[in-house]
Amino acid sequence: MSLLPPEDEDTDGVEVAWEDQQRINSFSKLNNRLSDIQDQLKVKQEEKDYHDDLSTELELADDDQPVLYKMGEAFFHLSLPAAKRQLRTDMKRYEADIGGLLGKAQECEKEMKGLKVLLYALVAVQIMQMVAKTIRYAKFGKQINLESTPE
């Protein structure tokens, strides 16, 4: 049973080996994971940029005025030194999170690259086999049987 519309179905009946299908599935999973990681990276980078801007604003703030500092979904009144300390802590956490996500993204890309090379190599081997078979048929015609017969 096919999930593709009839006009998009492949009618030449190309067989896909189970191992190749597993590699294709692995590549798809890695691609989805990479997309999720990139989305998370974008959010973390935006939060880090927001905190960078906040750092600049805190440098201009008065020492005697309490600062509204957002933690999670709530805002707290903090003294300026406490807000700066909390900001440094948050910035370190964002940098660590971004570094971890970048590492995961690189791992996914590395695995995907390896799977691509393997899949392209398998396709190249199949193409070479088809070309060799075509050349042999062109040279020998029906005088040679190149098909395996089921036993």
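Side notes on the structure shown:
- Test result for GLU47, modelled with pLDDT under 95 and out of contact with any helix residue (DSSP H, G or I) (no Cβ under 8 Å at 6 or more places or on another chain): no
- Comparison of SER26, SER35 shows that the only residue that is assigned to a helix (DSSP H, G or I), surrounded by 13 or more Cβ atoms within 10 Å (Cβ to Cβ) and hydroxyl-bearing (Ser, Thr, Tyr) is SER26.
- Members of region 108-136 that are more than 15 Å from ILE24 (Cα to Cα) and of a type in the set (Gly, Ala, Ser): ALA124, ALA132
- Counting the residues of region 92-121 that are of a type in the set (A, V, I, L, M), buried (at least 16 other Cβ atoms within 10 Å of the Cβ) and within 16 Å of GLN40 (Cα to Cα) gives 3.
- Residue within region 73-88 that is within 30 Å of SER35 (Cβ to Cβ) and either under 35 Å from the mean Cα position of the chain (by Cα) or of a type outside the set (Gly, Ala, Ser) (or both) present: yes
- Members of region 60-112 found to be part of a loop (DSSP other than H, G, I, E, B) and either among the acidic types (Asp, Glu) or without any contact (Cβ under 8 Å) to a residue 12 or more places away in the chain (or both), listed by number: ASP62, ASP63, ASP64, GLY72, GLU73
- Taking the criterion of being among the charged types (D, E, K, R) and on the phi > 0 side of the Ramachandran plot, no residue of region 56-99 qualifies.
The values are calculated or read from the model by the stated rules, or taken from the named source; none is laboratory data. Quantities reported herein were computed from a predicted structural model and do not represent experimental measurements. Neighbour counts are summed over all protein chains in view; Cβ atoms, including those assigned to glycine, are modelled from backbone coordinates with ideal geometry.
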